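Here the structure comes first, spelled out in C-alpha cells, and everything after it is commentary.
The values are calculated or read from the model by the stated rules, or taken from the named source; none is laboratory data. Predicted, not measured: the structure shown is a model, and the values here were computed from it. Quick reminder, even Gly has a Cβ in these numbers, built from the backbone with ideal geometry, and neighbours come from all protein chains shown. We work out accessible area using only protein heavy atoms, side chains counted, and drop any ligands, DNA or RNA first. Shrake-Rupley method; radii C 1.70, N 1.55, O 1.52, S 1.80 Å.
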Amino acid sequence: MIAEMASLPKSNVTYYFQSKEALYKSVLSNICLLWLQAGDEITEDNDPALALTSYIHDKLDLARSRPHGSRVWANEIMGGATFIEEFLSSTVMEWLNQRATVLECWMDKGFLDRSDPKIIFYMIWATTQHYADFESQIVSLNGHQPMADRDWQRTKETVSRMILKGLGARTA
C-alpha cells in the first residue's frame, strides 16, 4: 500500500526499507534533519539577530511546506518517542547542546539577554511547529481559508520579532 501511494514498485520500497519500522524511523529522522539544517547559521561568528531570524523563518517555511512530517513527529513524541529515543538522545541532543553553547556565547558578549538557551529552542520549536500541527485550527479561525503568502510573511516577521525582542537581541 505504501509503495502504491508513493507510485513506486514494491521492490524499491522493500529494498531501501526492510520493515515498516525502518520506513517510519526514516520519515521521522528526515523531517527532523531538515529542521536541524535550518539552524546551520546559528554559529558564534554570525549575527545573532540574523541567524535566529533565518532559523525561525526556515522553520515556519518547513511548517508550511511539510506539515505532515511535523504531525507525524508530534504524534511520535506524544506517544513517548518509542521509535526515535536514540535519535533524540544522540543527534538532536548534540545539535541542541552545540546551538545552546552558541547562544550562551552571544549572551556572554551582550548580544542577547541572559536566558536558558534550551528553553529558547523549545519555544521556537513549539511556536513554529504549531503552524503545521494545528493547521486545521488556524484555517478554521482564518474564515476557513488557508493562510495566504502575505499571512505567512506577516507570521514570520511577527514570530521572529517577538522572540528576538524577548531575547533583547542586538546585532553583533
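Between (1) 56, 42, 26; (2) 78, 38, 29; (3) 69, 29, 26, which matches Cα extents along the principal axes in Å calculated for the structure shown?
(1)
Gap in Å between the Cα centre of region 144-172 and the Cα centre of region 30-64?
For region 30-64 versus region 144-172, the Cα centre distance is 13 Å.
How about K25: which aspartates and glutamates have a C-alpha closer than 20 Å to its C-alpha, ignoring those fewer than 8 places off in the same chain?
Reachable aspartates and glutamates: E4, E76, E85, E86, E94, D133.
GNM, the chain, Cα, under 10 Å: largest mean-square fluctuation among I119, I42, I56?
Among I119, I42, I56, the largest mean-square fluctuation in the Gaussian network model of the chain belongs to I119.
Which value, in Å² rounded to 10, gives the accessible area of T158 with a 1.4 Å probe and all protein chains present?
Probe radius 1.4 Å; accessible area of T158 about 50 Å².
How much accessible area does E41 have with a 1.4 Å probe, in Å² rounded to the nearest 10?
90 Å²
In whole percent, how big is the carbon plus sulfur part of the accessible area of the chain, probe 1.4 Å, protein atoms only?
Carbon-and-sulfur percentage of accessible area, whole number: 55.
Taking the chain as the reference, fit the longest principal axis to its C-alpha atoms, fit the long axis of helix 67-78 to the helix C-alpha atoms, and give the angle between the two in degrees, 0 to 90, nearest 10.
That helix lies at roughly 90 degrees to the long axis.
Please state the charge dipole magnitude for region 60-101, taken about the Cα centre, from unit charges on C-beta atoms (+1 on K and R, -1 on D and E), reported in debye and rounded to the nearest 20.
For this selection, approximately 260 debye.
Please determine, in degrees from 0 to 90 and to the nearest 10, the orientation of helix 48-65 with respect to the longest principal axis defined by the Cα atoms of the chain, where the helix direction is its Cα long axis.
Relative to the chain, helix 48-65 is tipped by roughly 30 degrees.
Can you tell me, using C-alpha contacts under 8 Å and at least 6 residues apart, the relative contact order of the chain as a whole percent?
Once normalised by length, the contact order is 30 percent.
With springs connecting C-alpha atoms under 10 Å apart, model the chain as a Gaussian network and identify which of K109, K59, K25 has the largest mean-square fluctuation.
K109
Suppose only helical runs count, i.e. DSSP H with n ≥ 4. What mean residue ellipticity at 222 nm does that imply for the chain under -39500 (n - 2.57) per run, divided by all residues and rounded to the nearest 500 deg cm²/dmol?
Here the helix-only value at 222 nm equals -21500 deg cm²/dmol.
Dipole of region 42-96 (Lys/Arg Cβ +1, Asp/Glu Cβ -1, origin at the Cα centre): which of N75, V92, I42 lies farthest to the positive side?
N75
How large is the accessible surface per residue of the chain, computed with a 1.4 Å probe and reported in Å² as a whole number?
Result: 60 Å² of accessible area for each residue.
Roughly what angle does helix 149-166 make with the longest principal axis of the chain, taking Cα atoms, 0 to 90 degrees, to the nearest 10?
50 degrees
If Y24, Y16 are ordered by their accessible area, calculated over protein heavy atoms with a 1.4 Å probe, which sequence runs from highest to lowest?
Y16, Y24
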